[in-house]
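Encoded as structure tokens, the structure appears first; notes follow it.
The values are calculated or read from the model by the stated rules, or taken from the named source; none is laboratory data. Keep in mind that this is a model prediction, so the values were computed, not measured. Don't worry about glycine lacking a Cβ; one is built from the backbone with ideal geometry, like all the others, and counts go over all protein chains shown. All accessible areas refer to the heavy atoms of the entire protein, side chains included, with ligands and DNA or RNA removed. Shrake-Rupley method; radii C 1.70, N 1.55, O 1.52, S 1.80 Å.
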Amino acid sequence: QSAYSLLVTLFVCVALGSASLLFSQDADKLVLHPLETMMSKVESIRRNPLTAMNMEEAAFKAEEIKKTRDRNSRHTLLRSFLAMAPCTRRRTSKEPMETRLLEKTIIKLGSLLAVGFGEAGTSIIAHNMRGIDSACVHAMVEGTKINCVIGVLRVRNFSTVMQVLQTKVMAFVNSVAEIVHGIVNECHGAANRNNGDTFLAIWRAEDRDKADVRKLADMAMLAFVKILAAVHRSRVLAQYRSHPGLQQRLGKGNRVSISGGLHFGWAIEGAVGTEFKIDASYLSPNVSIAESVELATRIYSVSILVAESIFRICTPALASQCRLVDRVMITGSTTPMELYVIDVDCAALCIEPAPCVQMKWTPQVRFRLRQFLTHEKTSLWDNNVQISSLFNSNTEIIAMRRRYTKPFFHVFNMGYQNYVLGEWQVAQQLLLQTLVMLGVNDGPSA
């Protein structure tokens, strides 16, 4: 009898131990591990809100791998045999666990915050997520002073385009924004605000050495030229050339045209607004100077103007691609500033050919495209990559600069030097010569 009691007691102990072990294993798998994963993701977003975009891509990649494994496992011999057995019930798709839904929700909210606020809003998000004492949101975070390359891009004749297109103007602006934001991001910049016709792009130079700042300036210049080329080659934007309303207002030779100005200086990065609505942006006299440099493109009839501040920090190889056109006083600047033009002839570009196969934009295709763009962006920062080499070897840039020859630059430089020295008659003769040397009127020579 005592032996029987001992066996029963031993059996009960083993059963309870096994049950508790299985329960703790299930609890770890279904509750504790997912919670730890969620907390690590929240901590990562708290440290750097922009990592939420990488989490989204990693989660999508894991889901695709799991789907592929599930599809492959269904075709094994054992699965096929069991599926044919009459006593085997078919598996029904399981509902996702609540912890998994919470994890995906955290990633989506983090990604939306990163997209909505951009690089300028990382400090706002991080500051509010660090505070665990209260659930209150403190949106009005104190600004931070940074050094950066400031770029302003403007769609020309936008008021006319808006009046003609009306409800379709959003599709037009988003088509331009897709080009601008994509190329700025590829060249390690950050798109900030868009006021319809104007785009602000920032290349942060804070906490970088002199060589990195030079490379950032080079990439900003390369980005602006590539944006100009992409806008004029785009098949989507080329459709607006034949729009009857735009042809009536702007003429039959109208194109979607964009102009840009670049400047280097300090800016205050932070929240602009109130507790009801904020915008993460940059405020500085240097932002106003960049806007004034862009507006000067209309005066000189050019597409891209570069301020002296950019010319002085970029590499000599890329500085040689710029032409000094004037020395002026710009609102916001306390000293006269030299202006340089990157000469490009957009009329030399053809519309990009239609794709051989119409691609369906599925989540898988978008993921692969984002992976490709991330790889291209990373490769640009490699020490072996020279931005000036990319500039000189780009086929579109070569086509746009083919019209501008060394004799033209030589004569214009002589005319400009005489203009600076006050030799007005000699300068006029030389600049009248360069005005018609290209076959089309040269804006800075006029």
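Quick notes on this one:
- Full-stretch length increase - Glu352, Ser393 - with 0.36 nm per residue and alpha-carbon distance subtracted: 12.9 nm
- Here the extension length gained between Ser2 and Met162 equals 48.1 nm, from 0.36 nm per residue of separation less the Cα-Cα distance.
- Dimensionless Rg over Rh [the range 299-446; C-alpha; Kirkwood]: 1.08
- Cα gyration tensor category, rounded, prolate or oblate, for the range 136-252 with a/c compared to 1.5: oblate
- Per residue, the accessible area of the range 293-446 comes to 59 Å², computed with a 1.4 Å probe over protein heavy atoms only.
- Pair Trp266, Thr334: separation of 7 Å Cα→Cβ label points (nm): 1.1
- 14 Å beta-carbon shell around Val236, net charge (K/R +1, D/E -1): +3
- Label point at Leu109 placed 7 Å out along Cα→Cβ; residues across the range 268-288 whose backbone nitrogen lies under 11 Å: none
- Taking the range 331-366 and a reference point 7 angstrom along Cα→Cβ of Val236, the backbone N atoms nearer than 18 Å belong to 351-366.
- Taken about its Cα centre, the range 235-377 carries a charge dipole of about 780 debye when Lys and Arg each add +1 at the Cβ and Asp and Glu each add -1 at the Cβ.
- In this structure the amide hydrogen of Ile330, modeled in the peptide plane, comes within under 5 Å of the amide hydrogens of Met337, none closer than 5 places in sequence on its chain.
- Inter-label distance for Asp345 and Val426, nm, one decimal - labels placed 7 Å from Cα along Cα-to-Cβ: 2.9
- For the range 257-319, the list of GluC sites (Glu not before Pro) that fall in a loop by DSSP and count at most 10 other C-beta atoms within 10 angstrom reads Glu275.
- Cut-off 20 Å (backbone N to label point 7 Å along Cα→Cβ of Ala446), residues of the range 335-378: 339-348
- Spacing of the two label points (7 Å from each Cα toward its C-beta) at Arg366 and Asp207, in nm: 3.1
- Prolate/oblate/rounded label for the range 263-361 (Cα gyration tensor, a/c 1.5): oblate
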